[in-house]
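A short worksheet on the structure shown next.
The values are calculated or read from the model by the stated rules, or taken from the named source; none is laboratory data. No experiment lies behind these values; they were computed from the predicted model shown. Because the Cβ atoms are built from the backbone with ideal geometry, glycine has one as well, and the counts that use them run over all protein chains shown.
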Amino acid sequence: MTLPALSRLDTKGSPYLYVLPFFLLFGAFGLFPLIYTGYVSFNDWNLLDAGEHTWVGLANYRELLHDPYFWNALGNTLSIWLLSTVPQLLAALWIAHLLNHRLRARTSLRMGVLLPNITSIVAVTIVFTQMFGRDFGMINWLLGLIGVGPVDWQANTWSSHLAISVIVAWRWTGYNALIYLASMQAIPHDLYEAAELDGASSGQQFRRITVPQLRPTIIFTAVISTIGGLQIMAEPLLFAGTSTPTGGSDRQFQTAALFMYEQGFREFRFGYASAIAWTLCLVIAVFAVANYLLTRRIADDEE
Amino acid sequence: MRLSRTARVLAAATAAAVMLTACGSGGGAGSDGGDITLNVNLFGNFGYQELYKEYSQAHPTIKIAEHTAAYNDHHRDLATHLATGTGAGDIEGVDTGFIAQMRAVGKQFTDLGTDRASQYLPWKWQASLTKDGRQIGYGTDVGGLAICYRRDLFEQAGLPADRDAVSALWASGWDKYIAAGKQYTAKAPKGTAFFDGGGALYNAVIGQAPEGFYAADDSIVVGTNPEVRKAWDLVVQAIQSNLSAKLIESSPEWNNGFAKGQFATIACPAWMMTKIKDQAKAYAGKWDVAAVPGGGGNWGGSYLTVPKQGKHVDEAKKLAAWLTAPEQQARIFTSKGLLPSIPALYDKPEIAQFKDPFFNNAPVGTIFTTAAKQLKPQYQGPRTGDIQTTIRDGLVRVEQGKQTSEQSWQQTVSDVGRLKK
């Protein structure tokens with residue numbers, strides 16, 4: 001081969017070579033399990049009968065659609081997701097706005113907001129579960145100080161959802177704040193200077209400049225939070241305290257992922273659990289797209 | 001430039017060579033020494049730490065590593081490892097609630113043979129025996145039943161504190177236990193309840209029935225066996241009389257409950273004594289043990305199994321046999337209170353006359369061996385452990401005031417119906 005030809009191959013071929021490792025890894029750990037799970041979901045497959053399974057077509061999906069516990073789990077998931085994501089993103093936006101100002105010890109404060117995210121999810125949940133304890137929890141003690149009676153956080157639907165949402169939000173708010181902050185720093189400073197000359201208040205600057213400029217980032221975090229939020233499992237599993245996957249005495253905080261875990265690893269119904277996995281995947285896709293459209297429109301209105 | 005690049009390549013090559021050599025020599029040392037590490041996977045406290053040291057001293061090439069997990073996690077992990085064919089320990093502990101599920105996949109376990117059959121309580125031996133006569137586990141302990149209670153709280157509430165008097169309070173049955181509870185609650189120290197939680201009490205009551213959740217053909221009879229409903233009604237009555245501290249057994253709150261003295265009595269199989277000692281250290285000497293209402297009964301007890309997928313099956317078999325041998329079971333009883341599953345030990349003086357200072361020198365040896373001798377074995381089916389959990393959740397719904405007894409019972413029966421074999 002001549003030298004120019006080689007160089008042409010280099011320019012055309014190299015980029016693919018550079019991204020190849022990702023696609024190889026994705027193929028091995030993402031795509032293959034996805035397709036295999038799809039195959040398993042069409043079978044009656046008991047995990048304990050090593051390898052024995054029969055093809056049942058759509059039976060698992062039909063059963064799922066008529067399973068009240070699946071719908072219950074899906075409802076819980078959506079409720080916990082809404083309760084955690086909306087306040088979390090708003091708080092993150094606000095924190096990022098604060099961090100974007102000239103503050104003392106700015107770098108350590110910026111690093112600080114990420115700390116909750118790098119702590120072990122198990123440790124976080126155990127600490128919060130203690131705090132939300134019925135008899136000796138700190139939150140109930142604080143509520144007692146202002147004259148509110150103790151809440152049995154695990155017993156009720158609303159209170160358990162609230163408690164789990166707090167755990168999720170605590171972990172992810174700082175992470176989202178840093179993403180917003182990074183994006184805020186890319187906003188040209190003269191926009192703010194011009195606004196200031198025109199007499200715009202800090203709040204007006206935030207609404208008229210920051211939020212519209214952050215639009216792509218807000219869409220990104222909303223979609224990512226949707227994907228993460230609809231897969232929540234560790235928090236409700238540990239919140240129960242006894243590591244039973246039913247999510248409370250009446251499944252009041254069993255999420256869809258936890259229901260999948262229960263069917264797969266307590267009932268050992270591998271096929272049924274796979275059907276749940278695929279259904280959940282579709283639900284997440286629908287919500288992610290809906291969220292994308294919705295957040296885009298909100299940001300449009302701002303402009 | 002060129003030179004420095006060469007130098008860098010050389011340096012990298014040297015580093016790689018050093019690393020390879022290091023790995024090589026490390027591997028060599030391992031194969032020369034011939035040391036074997038046996039992984040023992042358990043739940044809760046089997047009390048084996050001292051025994052491991054002794055065994056390793058007698059067998060210098062064998063090291064023992066114990067890994068413990070919570071009850072449900074442990075059994076779920078084991079089932080998953082069996083299913084995927086990899087990851088199980090050399091020795092795996094299995095509780096009564098799960099032994100039938102493991103027995104059903106008996107092919108996955110090493111056959112331990114029939115040499116020791118005559119030593120064991122016959123029902124204990126049978127429970128881990130597959131239909132084609134392969135023994136998958138050596139029994140460690142049996143539950144037996146008693147009631148552990150706090151002397152000091154009983155005194156403060158104006159109840160007798162002496163263990164014989166306490167036993168006499170409810171000798172005729174659980175109704176009298178509830179009556180004593182009402183008496184307790186009337187004058188109880190603030191913030192204390194009579195017993196820990198409905199789920200745990202239920203396990204003790206149903207443990208006395210001749211037939212429990214299963215018929216002998218492995219069919220679930222929860223909805224039809226009147227004993228199951230009778231025990232439910234009894235526990236609901238106790239809950240509605242405000243006697244329950246509403247704690248779920250083995251949860252963090254339950255552990256807290258011991259330390260904070262939240263309850264005065266607890267249904268107490270022999271292994272529960274270890275849990276009390278672990279959690280209620282500050283109350284040593286204030287706990288005592290009385291007889292269980294209605295005599296007899298069993299809750300819990302475990303087995304040591306040797307999964308076939310383990311790397312050192314022969315060594316594991318020897319260790320399991322040694323850990324469950326009569327001498328060791330006797331020692332575990334006197335150090336940790338786990339009741340042996342070998343009845344010949346019950347009449348030995350070191351067991352029959354054993355008194356536990358933590359429990360105000362209660363003659364726990366006599367109390368538990370008497371209970372074990374009176375015990376009529378109950379058949380356990382594959383999903384016993386999960387049925388227990390389902391019923392517990394049903395009782396918790398009543399405790400939480402979410403449902404009436406009848407609503408919760410209906411849901412419990414239908415939830416049990418969802419459990420697949």
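Within the stretch A:127-184, which residues are within 24 Å of residue A:81 (Cβ to Cβ) and aromatic (Phe, Trp, Tyr)? Passing the criteria: A:128, A:132, A:153, A:158, A:170, A:172, A:175, A:180.
Within the stretch B:213-223, the residues that satisfy the criterion of being out of contact with any Phe, Trp or Tyr (no Cβ under 7 Å at 6 or more places or on another chain) and either among the polar types (S, T, N, Q) or surrounded by 20 or more Cβ atoms within 10 Å (Cβ to Cβ) (or both) are B:213, B:219.
As a summary of the residue check, residue B:413 satisfies the conditions (1) closer than 18 Å to residue B:228 by Cα; (2) surrounded by 21 or more Cβ atoms within 10 Å (Cβ to Cβ); (3) modelled with pLDDT of 95 or more; (4) more than 14 Å from every other protein chain (Cβ to nearest Cβ) except for the one numbered (2).
The numbered conditions (1) out of contact with any strand residue (DSSP E or B) (no Cβ under 8 Å at 6 or more places or on another chain); (2) of a type in the set (S, T, N, Q); (3) assigned to a helix (DSSP H, G or I) are all true for residue A:263 except (1).
Checking the structure you have, find out if any residue of the stretch B:158-170 is surrounded by fewer than 20 Cβ atoms within 10 Å (Cβ to Cβ) and farther than 21 Å from residue B:366 by Cβ. Yes, because at least one residue in the stretch B:158-170 is surrounded by fewer than 20 Cβ atoms within 10 Å (Cβ to Cβ) and farther than 21 Å from residue B:366 by Cβ.
Just to verify a result, which residue in the stretch B:364-400, among those that are part of a loop (DSSP other than H, G, I, E, B) and within 14 Å of chain A (Cβ to nearest Cβ), is surrounded by the fewest Cβ atoms within 10 Å (Cβ to Cβ)? Among residues in the stretch B:364-400 that are part of a loop (DSSP other than H, G, I, E, B) and within 14 Å of chain A (Cβ to nearest Cβ), the one surrounded by the fewest Cβ atoms within 10 Å (Cβ to Cβ) is B:400.
For the stretch B:41-76, which residues satisfy the criterion of being in contact with a Lys or Arg (Cβ under 7 Å, 6 or more places away or on another chain) and within 14 Å of another protein chain (Cβ to nearest Cβ)? The one that is in contact with a Lys or Arg (Cβ under 7 Å, 6 or more places away or on another chain) and within 14 Å of another protein chain (Cβ to nearest Cβ): B:76. Taking the numbered list (1) away from chain B (no Cβ under 14 Å); (2) within 26 Å of the chain's Cα centre (by Cα) in turn, residue A:102 passes all entries but (2).
Picking from residues in the stretch A:231-273 that are within 14 Å of chain B (Cβ to nearest Cβ) and hydroxyl-bearing (Ser, Thr, Tyr), the one that is farthest from residue B:79 (Cα to Cα) is A:249. Criterion applied to B:88, B:83, B:100, B:79 was being over 30 Å from residue B:188 (Cβ atoms), within 14 Å of chain A (Cβ to nearest Cβ), crowded, with 18+ Cβ neighbours inside 10 Å and without any contact (Cβ under 8 Å) to a residue 12 or more places away in the chain, and the one residue passing it is B:83.
Within the stretch B:238-272, the residues that satisfy the criterion of being of a type in the set (S, T, N, Q) and either crowded, with 24+ Cβ neighbours inside 10 Å or touching an Asp or Glu at 6+ places or on another chain (Cβ under 9 Å) (or both) are B:244, B:255, B:256, B:262, B:265. Residue A:158 passes every criterion in (1) away from chain B (no Cβ under 14 Å); (2) in a helix (DSSP H, G or I) apart from (1). Among the residues here, residue B:352 does not qualify as closer than 21 Å to residue B:207 by Cβ and more than 14 Å from chain A (Cβ to nearest Cβ). Of the residues in the stretch B:133-148, how many are out of contact with any Leu (no Cβ under 9 Å at 6 or more places or on another chain) and touching a residue at least 24 places away in the same chain (Cβ under 8 Å)? Number of matching residues: 3.
Conditions tested, residue by residue: (1) of a type in the set (Ser, Thr, Tyr); (2) over 23 Å from residue B:386 (Cα atoms); (3) within 14 Å of chain A (Cβ to nearest Cβ); (4) without any contact (Cβ under 8 Å) to a residue 12 or more places away in the chain.
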position	(1), (2), (3), (4)
B:162	no, yes, no, yes
B:171	no, yes, no, no
B:177	yes, yes, no, no
B:206	no, no, no, no
B:209	no, no, no, no
B:218	no, no, no, no
B:231	no, no, no, no
B:257	no, yes, yes, no
B:270	no, no, no, no
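Restricting attention to the stretch B:338-367, the residues that are more than 14 Å from residue B:327 (Cα to Cα), in contact (Cβ under 8 Å) with a residue 24 or more places away in the chain and touching a strand residue (DSSP E or B) at 6+ places or on another chain (Cβ under 7 Å) add up to 7. Residue check: is residue B:386 over 19 Å from the mean Cα position of the chain (by Cα) and of a type in the set (D, E, K, R)? Against the criterion (over 19 Å from the mean Cα position of the chain (by Cα) and of a type in the set (D, E, K, R)), residue B:386 does not qualify. Is it true that some residue in the stretch B:291-307 is within 14 Å of chain A (Cβ to nearest Cβ), under 22 Å from residue B:101 (Cα atoms) and out of contact with any Lys or Arg (no Cβ under 8 Å at 6 or more places or on another chain)? Taking every residue of the stretch B:291-307 in turn, at least one turns out to be within 14 Å of chain A (Cβ to nearest Cβ), under 22 Å from residue B:101 (Cα atoms) and out of contact with any Lys or Arg (no Cβ under 8 Å at 6 or more places or on another chain).
If only residues of the stretch B:259-268 that are away from chain A (no Cβ under 12 Å) and of a type in the set (A, V, I, L, M, F, W, C) are counted, the one that is farthest from residue B:203 (Cα to Cα) is B:264. Could you say whether any residue in the stretch A:43-53 is within 21 Å of residue A:276 (Cβ to Cβ), touching a strand residue (DSSP E or B) at 6+ places or on another chain (Cβ under 9 Å), in a loop (DSSP other than H, G, I, E, B) and modelled with pLDDT of 95 or more? No: the stretch A:43-53 contains no residue that is within 21 Å of residue A:276 (Cβ to Cβ), touching a strand residue (DSSP E or B) at 6+ places or on another chain (Cβ under 9 Å), in a loop (DSSP other than H, G, I, E, B) and modelled with pLDDT of 95 or more.
For the stretch B:391-410, a residue qualifies if it is over 23 Å from the mean Cα position of the chain (by Cα) and within 15 Å of residue B:230 (Cα to Cα), and the qualifying residues are B:405, B:406, B:408, B:409, B:410. Filtered by the rule that a residue be part of a loop (DSSP other than H, G, I, E, B), surrounded by 20 or more Cβ atoms within 10 Å (Cβ to Cβ) and hydrophobic (A, V, I, L, M, F, W, C), the stretch B:318-341 gives a lone residue, B:338. Checked against the criterion of being on the phi < 0 side of the Ramachandran plot, more than 14 Å from every other protein chain (Cβ to nearest Cβ) and surrounded by fewer than 20 Cβ atoms within 10 Å (Cβ to Cβ), the candidates A:228, A:199 yield just one match: A:228.
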